[in-house]
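The values are calculated or read from the model by the stated rules, or taken from the named source; none is laboratory data. What you see is a predicted model, and the numbers here were worked out from it, not measured in a lab. Cβ atoms come from the backbone with ideal geometry, glycine included; neighbour counts cover every protein chain shown.
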Amino acid sequence: MACLLAGAFLLVAQTNTVHSGSSQWREGTLFQSLRYHGGIQGNETEHKSSKSQTSITSQLIPQTIIIGVRKGGTRALLEMLDIHPDIVVAATEVHFFDWDENYVKGLEWYRKLMPFSYPHQTTIEKTPGYFTSIKAPKRIRDMNSSTRLLLILRDPTERVISDYTQVYYNRLESHKSVQPIEEMVIKNGALNIKYKAIQRSLYDVHMGNWLRYFPLNQIHIVDGGALIKNPLEELQKVETFLNIPAKIKTSNFYFNQTKGFYCLRSDGKERCLHESKGRPHPVVNSTVLEELRAYFREHNERFFQMVQQTFKWH
Ligand code: A3P
């Protein structure tokens, strides 16, 4: 079975990610003022811009964080936002607020992992694990209660399958055994609600934790399904939320037939996301699929009420 699944997955189109760094802007946050008053001092560097003005760049605590959800399309969102000249993005998933071993290293450690930015730019980091972390919401609020949060979600059943697919490949790579998805989702004839992939798709449960610490208007939800089909529209909503000029354009995207997804075009370069993004999913037994959908229905309804917004999930 594993071999069959692996075979099916090898239909994957292969394209590489080339990460670009660009961006600009920021608003007056607690951390900006700390920067100028020595509270959280940026490592400052002088740059001569093309207009021969001298600009100072510094590493700042992010004003915006993509908090998840894992497999929601977080990498696509980050890379697409990176096209914007007023945005700079952290290169790696930092796991500062969800991993205790990183959190104890302190804010200075965190700040130094951020890219250099000009004063008009905003810094964004993404760590998908934050959304499902019990500790992350309070820790982020403690850092800066005006941090803007971006949350990208997709149909919770699709997300389970995507999560399974990622773990499946990771296990294959490390020569570990793999099981068909049906055996992960159903245990002893019942839905295995302890399965982490299912737990992570309980958006109402996790959102409830965030809303204890942040007002709803500080959390912008990106529709991951819509980002796949029409990236520009979702990105324009993010530009509005971040209060930055609309600079991402239709010409920044082109559809790659082989990959089956939109790829990016900026600074005269074209690039698709890494091959691990947009992999074919296994065909899941229809009864199992329906069980998953039925289980999520009630949670989804609760989530829609919480966020005063609905999504076209099954
Ligand atoms: P699949 O690989 O299961 O299709 P994350 O970055 O949070 O891990 O999310 C990965 C998902 O991003 C992919 O899941 C894919 O569906 C989605 N995605 C959205 N836009 C994409 C794009 N332009 N290229 C590739 N994957 C994209």
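The residues in the stretch 294-314 that are hydrophobic (A, V, I, L, M, F, W, C) and surrounded by fewer than 17 Cβ atoms within 10 Å (Cβ to Cβ) can be counted, and the count is 3.
Quick one: would you say residue 169 is more than 18 Å from the chain's Cα centre (by Cα) and either in a helix (DSSP H, G or I) or surrounded by 15 or more Cβ atoms within 10 Å (Cβ to Cβ) (or both)? Against the criterion (more than 18 Å from the chain's Cα centre (by Cα) and either in a helix (DSSP H, G or I) or surrounded by 15 or more Cβ atoms within 10 Å (Cβ to Cβ) (or both)), residue 169 qualifies. With respect to the conditions (1) free of Cβ contacts under 8 Å to residues at least 12 places away in the same chain; (2) under 29 Å from residue 256 (Cα atoms); (3) among the small types (Gly, Ala, Ser), residue 286 falls short on a single one, namely (2).
For the stretch 101-109, the criterion of a residue being of a type in the set (Val, Ile, Thr) and within 12 Å of the ligand (Cβ to nearest atom) is satisfied by no position. Somewhere in the stretch 130-139, is a residue at pLDDT 95 or above, among the hydrophobic types (A, V, I, L, M, F, W, C) and within 13 Å of the ligand (Cβ to nearest atom)? Among the residues of the stretch 130-139, at least one is at pLDDT 95 or above, among the hydrophobic types (A, V, I, L, M, F, W, C) and within 13 Å of the ligand (Cβ to nearest atom), which makes the answer yes. Pairs are defined by a Cβ separation below 7 Å, a sequence spacing of at least 6 or placement on different chains, a first member in the stretch 224-244 that is under 26 Å from residue 160 (Cβ atoms) and assigned to a helix (DSSP H, G or I), and a second member that is charged (D, E, K, R) and within 15 Å of the ligand (Cβ to nearest atom); the pairs so defined are 224/154; 225/154; 225/155; 226/233; 226/234; 227/234; 234/223. All conditions but one from (1) touching a residue at least 12 places away in the same chain (Cβ under 8 Å); (2) out of contact with any Asp or Glu (no Cβ under 9 Å at 6 or more places or on another chain) apply to residue 264; the one that does not is (2).
Across the stretch 245-270, the qualifying residues are those that are in a strand (DSSP E or B) and touching a helix residue (DSSP H, G or I) at 6+ places or on another chain (Cβ under 8 Å), and the one among them that is farthest from the ligand (Cβ to nearest atom) is 266. Taken as a whole, the condition of being within 30 Å of residue 180 (Cβ to Cβ), in contact with a Gly (Cβ under 6 Å, 6 or more places away or on another chain) and either away from the ligand (no atom under 16 Å from the Cβ) or not in a loop (DSSP other than H, G, I, E, B) (or both) does not apply to residue 289.
Within the option set 124, 161, being more than 17 Å from residue 209 (Cβ to Cβ), of a type in the set (A, V, I, L, M, F, W, C), within 16 Å of the ligand (Cβ to nearest atom) and touching a strand residue (DSSP E or B) at 6+ places or on another chain (Cβ under 8 Å) holds for one residue only, 124.
Which residues, counting only those in the stretch 161-199, are touching a Phe, Trp or Tyr at 6+ places or on another chain (Cβ under 8 Å) and either closer than 26 Å to residue 305 by Cα or β-branched (Val, Ile, Thr) (or both)? 165, 178, 181, 185, 191, 193, 197, 198 - these are the residues of the stretch 161-199 that are touching a Phe, Trp or Tyr at 6+ places or on another chain (Cβ under 8 Å) and either closer than 26 Å to residue 305 by Cα or β-branched (Val, Ile, Thr) (or both).
Please enumerate the residues belonging to the stretch 93-124 that are farther than 24 Å from residue 70 by Cβ and assigned to a loop (DSSP other than H, G, I, E, B).
106, 112, 118, 119, 120, 121 - these are the residues of the stretch 93-124 that are farther than 24 Å from residue 70 by Cβ and assigned to a loop (DSSP other than H, G, I, E, B).
Those residues that are outside any helix (DSSP H, G or I) and not hydroxyl-bearing (Ser, Thr, Tyr), I need them from the stretch 292-314; list them, please. Passing the criteria: 308, 309, 311, 312, 313, 314. Going through (1) in contact with a helix residue (DSSP H, G or I) (Cβ under 6 Å, 6 or more places away or on another chain); (2) basic (Lys, Arg); (3) not in a loop (DSSP other than H, G, I, E, B) one by one, residue 279 falls short only on (3).
For the stretch 56-103, the set of residues classified as of a type in the set (Lys, Arg) and out of contact with any Ser or Thr (no Cβ under 7 Å at 6 or more places or on another chain) consists of 70, 75, listed by residue number.
For residue 76, indicate whether it is touching a His at 6+ places or on another chain (Cβ under 8 Å), in contact (Cβ under 8 Å) with a residue 12 or more places away in the chain, outside any strand (DSSP E or B) and within 16 Å of the ligand (Cβ to nearest atom). So residue 76 fails the test. A single entry from 195, 213, 203 fulfils the requirement of being surrounded by 13 or more Cβ atoms within 10 Å (Cβ to Cβ), of a type outside the set (S, T, N, Q) and farther than 17 Å from residue 149 by Cβ: 195.
Of all positions in the stretch 202-220, at least one carries a residue that is of a type in the set (Gly, Ala, Ser) and over 28 Å from residue 249 (Cβ atoms).
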